[in-house]
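Here is the structure we will look at.
The values are calculated or read from the model by the stated rules, or taken from the named source; none is laboratory data. The structure displayed is predicted, hence computed values, not measured ones. In this analysis, Cβ positions are derived from the backbone assuming ideal geometry, glycine residues included, and neighbour counts consider all displayed protein chains.
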Amino acid sequence: MKFFRIGDHVKKVSGDSDVGKTGEIVAVRYNAKGEIILSVQTKAVEWTRTLRIATPSWPSEDCVIIEKS
């Protein structure tokens, strides 16, 4: 079992999308099935000429910790 904390840096290694992206955990939540869902702040991306921070939600089983906080 993996233990995730806010501030840990993770990389998405499997799943349907975002594979290979990295980011910092900003929230740890649970879905209705009791699975851990990570809200991850990724790099700022340009969107309509402004920079926005992307905060996708990834299942924890699709992520590995690359740096502990």
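Residues of the stretch 14-32 that are touching an Asp or Glu at 6+ places or on another chain (Cβ under 8 Å), surrounded by 14 or more Cβ atoms within 10 Å (Cβ to Cβ) and either on the phi > 0 side of the Ramachandran plot or hydrophobic (A, V, I, L, M, F, W, C) (or both): Ile25 alone. Among the numbered conditions (1) under 9 Å from the mean Cα position of the chain (by Cα); (2) of a type outside the set (Asp, Glu); (3) within 17 Å of Val64 (Cβ to Cβ), the only one that Val28 does not meet is (1).
Within the stretch 4-60, the set of residues being among the hydrophobic types (A, V, I, L, M, F, W, C), at pLDDT 90 or above and in a loop (DSSP other than H, G, I, E, B) comprises Phe4, Ile6, Val13, Val19, Ala32.
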